[in-house]
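Colleague: Once you've had a glance at the structure underneath, I'll fire off some questions.
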Amino acid sequence: MDMDHAHTLSLPNGDVVKKPFLIGVAGGTASGKSTVCKKIMTELGQTDMDHTQRQVVTISQDSFYRELTAAEKAKAFQGLYNFDHPDAFDEQLMYDTLEAILKGVKVEIPGYDYKTNSLDYENKLTIYPADVVLFEGILVFYFPKIRDLFHMKLFVDTDSDTRLARRVPRDINERGRDLDAVLTQYMTFVKPAFEEFCSPTKKFADVIIPRGADNTVAIDLIVQHIRDLLNSQSSSRKGSSSNIQINMNVD
Ligand code: CTP
């Protein structure tokens with residue numbers, strides 16, 4: 001397995017290699033992807049499975065932003081860098097990392113620091129072979145090779161006014177931005193890129209979640225479905241060398 005300082009991969013020690021159930025969670029900025037993932041994680045954690053056997057983790061696509069040059073960083077501080085274009089992400093690293101996760105390999109992923117617009121290696125997330133891995137981000141269904149890796153695809157569909165109303169205070173209060181830069185970035189890059197690259201990927205979703213995390217009925221149904229799948233797959237997955245293949249269309 002390739003080694004990389006940011007996404008260190010190492011072979012698992014145990015004989016039993018778990019084959020994770022990989023869920024993609026896409027949606028526009030501030031649609032509530034993180035909250036939906038948190039709710040799914042919490043609800044899945046309440047199952048009566050042996051706690052040491054179960055792991056549910058969420059990874060953010062932001063951990064796969066390309067490192068910026070000094071000139072790009074200067075632009076980013078003024079809201080003049082396009083973080084919403086597919087080219088802003090390291091597609092190959094994303095693919096290799098998800099492939100490794102699917103093979104049951106332990107993976108380390110950096111965090112992301114929005115204040116400095118850079119990857120955060122001080123706050124790495126270690127993904128051990130897990131039962132369920134959620135991968136959330138604006139463009140997780142954009143790249144065909146990556147899209148094909150998911151066992152289940154969710155699209156969080158929240159109205160754009162609501163998303164903007166959430167994004168502005170979040171960027172100012174949590175991401176250290178000023179109002180002018182936030183609005184410039186939104187109008188120049190975030191909104192057009194959503195329409196061009198993110199919104200069209202809704203058609204690839206198995207389940208579209210209207211109103212995002214407020215939609216507890218949808219989240220409960222999804223969680224119940226994941227539980228059923230995990231229960232029915234668990235015996236064949238343990239110790240098996242092949243990835244689980246589940247073809248789901250919940251229309
Ligand atoms: N972004 C940014 N500055 C960076 C990196 C990313 O402003 N240095 C912005 C991009 O413009 C993009 C957004 O971050 O639109 C992606 O994060 P978002 O999806 O809004 O946040 P999540 O917490 O992943 O999702 P949600 O709000 O739906 O939970």
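The values are calculated or read from the model by the stated rules, or taken from the named source; none is laboratory data. A quick note: this is a predicted structure, and the numbers were derived from the prediction, not measured. Backbone-built Cβ (ideal geometry, glycine too); neighbour counts: all protein chains shown. We work out accessible area using only protein heavy atoms, side chains counted, and drop any ligands, DNA or RNA first. Shrake-Rupley method; radii C 1.70, N 1.55, O 1.52, S 1.80 Å.
Colleague: Name the one entry in ILE222, ILE209 that is in contact with a strand residue (DSSP E or B) (Cβ under 9 Å, 6 or more places away or on another chain), at pLDDT 90 or above and assigned to a strand (DSSP E or B).
Modeller: ILE209
Colleague: Now, a different point. If I filter the stretch 188-207 down to residues being among the charged types (D, E, K, R) and surrounded by 16 or more Cβ atoms within 10 Å (Cβ to Cβ), which single residue comes out as farthest from the ligand (Cβ to nearest atom)? Spell out how you get there, then give the answer.
Modeller: Let us first name the residues in the stretch 188-207 that are among the charged types (D, E, K, R), namely 191, 195-196, 202-203, 206.
Applying the additional criterion that residues be surrounded by 16 or more Cβ atoms within 10 Å (Cβ to Cβ) yields 191, 202, 206.
On the way: LYS191: 10, LYS202: 14, ASP206: 18 Å.
Among those residues, the one meeting the criterion is ASP206.
Colleague: Okay, moving on. Can you find a residue in the stretch 83-102 that is modelled with pLDDT under 95, of a type outside the set (Lys, Arg) and within 15 Å of the chain's Cα centre (by Cα)?
Modeller: Yes, some residue in the stretch 83-102 is modelled with pLDDT under 95, of a type outside the set (Lys, Arg) and within 15 Å of the chain's Cα centre (by Cα).
Colleague: Go over the candidates LYS33, LYS18 one by one and state the one that is under 23 Å from VAL107 (Cα atoms), charged (D, E, K, R) and at pLDDT 95 or above.
Modeller: Working: LYS18 fails: at pLDDT 95 or above.
The match here is LYS33.
Rundown of residues vs (1) within 16 Å of the ligand (Cβ to nearest atom); (2) under 18 Å from VAL25 (Cα atoms), yes/no style:
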site	(1), (2)
GLU99	no, yes
LYS106	no, no
SER118	yes, no
LEU139	yes, yes
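Colleague: Could I ask something else about it? Of the numbered conditions (1) open to solvent by 70 Å² or more (accessible area, probe 1.4 Å); (2) at pLDDT below 95; (3) not aromatic (Phe, Trp, Tyr), VAL132 fails exactly one; give the number of that condition.
Modeller: Only one criterion is unmet by VAL132, namely (1).
Colleague: Looking at (1) free of Cβ contacts under 8 Å to residues at least 40 places away in the same chain; (2) more than 11 Å from the ligand (Cβ to nearest atom), which is the one condition that is false for ALA88?
Modeller: That leaves (2) as the condition not met.
Colleague: For the stretch 140-152, indicate whether the set of residues that are under 22 Å from ALA76 (Cβ atoms), of a type outside the set (Gly, Ala, Ser) and open to solvent by 40 Å² or more (accessible area, probe 1.4 Å) is non-empty. Walk me through how you get there before you give the answer.
Modeller: Just the residues of the stretch 140-152 that are under 22 Å from ALA76 (Cβ atoms), to begin with: 140, 142.
Cutting the leftovers down to of a type outside the set (Gly, Ala, Ser) gives us 140, 142.
Among the residues that remain, those that are also open to solvent by 40 Å² or more (accessible area, probe 1.4 Å) are: 142.
Yes, the stretch 140-152 contains a residue that is under 22 Å from ALA76 (Cβ atoms), of a type outside the set (Gly, Ala, Ser) and open to solvent by 40 Å² or more (accessible area, probe 1.4 Å).
Colleague: Does the stretch 173-187 include one or more residues that are surrounded by 22 or more Cβ atoms within 10 Å (Cβ to Cβ), within 20 Å of the chain's Cα centre (by Cα) and basic (Lys, Arg)?
Modeller: There is no residue in the stretch 173-187 that is surrounded by 22 or more Cβ atoms within 10 Å (Cβ to Cβ), within 20 Å of the chain's Cα centre (by Cα) and basic (Lys, Arg).
Matching residues to (1) within 14 Å of the ligand (Cβ to nearest atom); (2) crowded, with 18+ Cβ neighbours inside 10 Å; (3) on the phi < 0 side of the Ramachandran plot:
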| site | (1), (2), (3) |
| --- | --- |
| PHE64 | yes, yes, yes |
| ALA74 | yes, no, yes |
| PHE77 | yes, no, yes |
| TYR95 | no, no, yes |
